[in-house]
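Structure, as structure tokens:
The values are calculated or read from the model by the stated rules, or taken from the named source; none is laboratory data. Keep in mind that what you see is a predicted model, and the values were worked out from it rather than measured. Please note: Cβ atoms are built from the backbone with ideal geometry, for glycine as well, and neighbour counts cover all protein chains shown. Only protein heavy atoms, including side chains, enter the accessible area calculation; ligands, DNA and RNA are left aside. Shrake-Rupley method; radii C 1.70, N 1.55, O 1.52, S 1.80 Å.
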Amino acid sequence: MRWIAGILAGTLAACAPVTQDAAVAPAAPDTARTDVLDSIANLVDDEIPEEFDFRQSFPSWYAAVTPYQIIGTGKMGIYFVGTEGLGMYFIPTDAGHIVIDGGMPGEGQYVADAIRTLGFDPKDVKILLNSHAHLDHSGGLAELKAMTGAKLIASEGDRSALEGGFYLGSEEDRAMNAPPVQVDRIIADGERLTLGNVTLTAHITPGHSRGCTSWTMPVVQSGQSYEALLFCSATVAANRLVGPPQYQGIVADYRKTFAMTKDWRPDIFLTNHPEFSDMIEKRERQKAGDPLAFVDRDGFPAMMEKLEQAFAAALQKQTLKYNAIMSD
């Protein structure tokens with residue numbers, strides 16, 4: 001078993017986060033982002049014991065945050081219902097609601113409580129979506145599905161991992177398992193998903209996982225329409241790029257995603273690890289009175305440029321290491 005580079009991958013400059021809103025429930029101790037990245041780095045090439053304590057190593061993934069509306073008019077729009085270190089999103093509609101990602105195993109109840117805190121009924125959630133089938137984003141989906149009766153919609157590329165509860169290509173690493181969850185419907189690249197007055201478009205952006213799925217949707221605030229992107233990921237993270245690859249075609253998939261997103265300029269971009277889109281800083285500006293604090297048209301291309309550079313460096317490093325091992 002090998003942990004190649006850690007779930008968050010230190011591809012962006014490390015900095016300590018600003019404290020978010022008061023917690024809605026008792027939370028694990030806060031941690032600086034540098035501490036999180038250091039903890040991840042220390043796991044490189046180590047075996048993860050089956051009883052590995054993610055809560056102790058990554059407390060920000062469990063640190064509660066008061067849920068809030070990111071952007072929208074009235075009760076519509078996009079809400080943050082995640083933790084300090086994990087982005088989960090709630091999208092209400094006039095025909096039921098949508099949740100994107102479920103956090104770590106056991107955090108389904110946390111998401112439901114956050115939805116209730118916002119004044120909505122979790123039982124009105126009709127659709128569950130998943131950015132990708134890694135335990136820190138899919139872990140709470142089975143619990144949420146059982147609580148709400150919602151249908152899970154996901155990509156074909158991630159279906160086996162979701163339903164099998166494993167990390168594709170590292171099936172022997174039981175510490176990386178998530179509760180299995182049944183996929184009710186497969187969604188394809190470019191397919192539109194409509195519930196009530198909300199329509200999202202699926203974009204398969206593979207690499208980080210085989211079926212990594214990003215979502216775009218229009219959202220209105222103060223009479224103005226904005227394009228929001230809920231981006232899956234493009235970090236190398238725990239993935240083997242060579243010797244053998246995490247899955248066949250992973251390198252080509254990363255390159256496809258970087259090429260596909262080269263011209264993307266969303267008005268708002270959200271990530272499943274908030275630090276990658278500076279969500280904490282933006283939330284502080286919003287609380288200080290800026291209603292458009294999350295509008296950031298330069299942020300996504302800047303992030304993707306750094307992630308592409310980090311991918312190239314990781315590929316070179318892993319290739320050199322693999323060749324050295326093979327030549328011994």
For residue 291, are the conditions met, namely being touching a residue at least 24 places away in the same chain (Cβ under 8 Å), open to solvent by 60 Å² or more (accessible area, probe 1.4 Å), out of contact with any strand residue (DSSP E or B) (no Cβ under 6 Å at 6 or more places or on another chain) and not in a strand (DSSP E or B)?
-> yes
From the residues in segment 193-205 that are open to solvent by 10 Å² or more (accessible area, probe 1.4 Å) and under 17 Å from the mean Cα position of the chain (by Cα), which one is nearest to residue 312 (Cα to Cα)?
-> 204
Look through segment 96-122, keep the residues that are crowded, with 17+ Cβ neighbours inside 10 Å and β-branched (Val, Ile, Thr), and return whichever of them is farthest from the chain's Cα centre (by Cα).
-> 115
Residue check for residue 193: more than 21 Å from residue 237 (Cα to Cα) and either at pLDDT 95 or above or among the charged types (D, E, K, R) (or both) | yes
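Residue-by-condition table, conditions (1) of a type in the set (Val, Ile, Thr); (2) over 24 Å from residue 75 (Cα atoms); (3) touching an Asp or Glu at 6+ places or on another chain (Cβ under 9 Å):
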residue: 224; (1), (2), (3): no, no, no
residue: 229; (1), (2), (3): no, no, yes
residue: 232; (1), (2), (3): no, yes, no
residue: 237; (1), (2), (3): no, yes, no
residue: 269; (1), (2), (3): no, no, yes
residue: 288; (1), (2), (3): no, no, no
residue: 295; (1), (2), (3): yes, no, yes
residue: 301; (1), (2), (3): no, yes, yes
Output the residues belonging to segment 80-95 that are open to solvent by 10 Å² or more (accessible area, probe 1.4 Å) and touching a helix residue (DSSP H, G or I) at 6+ places or on another chain (Cβ under 8 Å).
-> 84
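Conditions tested, residue by residue: (1) modelled with pLDDT of 95 or more; (2) surrounded by 20 or more Cβ atoms within 10 Å (Cβ to Cβ).
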residue	(1), (2)
243	no, no
252	yes, no
256	yes, no
277	yes, yes
287	yes, no
